[in-house]
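To start, the structure under review is shown below, and the notes come after it.
The values are calculated or read from the model by the stated rules, or taken from the named source; none is laboratory data. Bear in mind the structure is a predicted one, so any value in this text is a computation, not a measurement. Neighbour counts run over all protein chains shown; Cβ positions are idealised from the backbone, glycine included. When the accessible area is computed, the model is the full protein with side chains, heavy atoms only, and any ligands, DNA or RNA have been set aside. Shrake-Rupley method; radii C 1.70, N 1.55, O 1.52, S 1.80 Å.
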Amino acid sequence: MGCDVVMAGGDPATIAAVLERWEAAFSLFRPESELSCVNRSPAPVLVVSPLFARAVEVALDVAAATEGLVDLTLCGRWPEVVVSGGLLFRPPGLALDLNGVVKGLAVDEAAAVLDGPGFVSVGGDLAVRGPVDVALPAGGAIRVVSGGLATSGTASRGAHLVDTATGSASASCWEQVTASGASCLDADVTAKAGFLLGERGPDWLDARGIPGRFVSIDGEIVENRVWHQAEVPACT
């Protein structure tokens, strides 16, 4: 997935096989991936694999929950996409980008096959089975007891998050946003939404009971109310 993978508590080969399954299906950089084939096809209706159909269903739920902030079409046209059983319906020429959900889904599946307590981290997005101490952007650390933790922003990958209202890279006031969730998927989606919302991000996460930590472009750290309530310091 173009990211460093760190894990503990399981068989590395098993974890690698899980991640490769998702990468092989959804990479935009592999012309043979199912997603690349779907995007090349001019057909308005396509037969897709169960894995692909599941990812699209999740992505549509995410788009609705974030009011289109995290959008698999990157252009506000997610309501035009429908998946039913093994059939995908979308207007001809409408390309999909499932990166908004695929990494979180892959990390959660990889963590589910761990042998016991441990964690899986892909590019810093984390799912745990048991307590894990995690370093935070711009300093500090926190203990993740369950679920997932994810960070989105421009520090490691540049301006890659798209503002669907403009179709251009987001001009967010944040450099990095970290969110906690019941799963890596939940954390990753809400971190992206918090970043894209700019100054409204902390309040948006608070309204949904989601802990969020925001690092501004000038290095200021803003932690929302729910983060303070949920914070468990790492052991020193």
### Summary
The alpha-carbon pair-distance distribution computed for the chain, with 5 angstrom bins and whole-percent values, is 1, 7, 14, 18, 19, 17, 12, 8, 3, 1, 0, 0
#### Entry: Per residue, in Å², the accessible surface of the chain once ligands and nucleic acids are set aside, probe 1.4 Å
45
### Task
Filter the GluC sites (Glu not before Pro) in the range 1-109 to those in DSSP coil with at most 16 other Cβ atoms within 10 Å of their Cβ, and list the result.
Glu32, Glu67
### Query
How would you order 140-153, 182-195, 86-99 from highest to lowest mean count of nearby Cβ atoms within 10 Å?
182-195, 140-153, 86-99
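Using a 1.4 Å probe over the heavy atoms of the protein chains, calculate the carbon and sulfur portion of the accessible area of the chain as a whole percent.
That fraction is 56 percent.
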## Note on the structure
Answer in debye to the nearest 20: the dipole magnitude of the chain about its Cα centre, from +1 Lys/Arg and -1 Asp/Glu charges placed on Cβ, is 300
### Query
Where does the charge balance sit around Glu23 when Lys and Arg score +1, Asp and Glu -1, over other residues with C-beta under 13 Å from its C-beta?
-1
### Positive-end residue, the range 39-139 charge dipole about Cα centroid, Cβ charges, pick of Leu136, Gly124, Gly68
Gly68
### Simple label model, 7 Å out from Cα along Cβ direction - Ser216 to Ala16, nm
4.5
### Amide H within-cut-off set for Glu223, under 5 Å, with H built and near neighbours excluded
Phe214
### Task
Determine the distance separating the Cα centre of the range 95-141 from the Cα centre of the range 179-215; give it in Å without decimals.
15
### Message
Can you compute the helix-only [θ] at 222 nm over the chain? Use -39500 (n - 2.57) per DSSP H run of at least 4 residues, normalise by all residues, nearest 500 deg cm²/dmol.
### Response
-10000 deg cm²/dmol
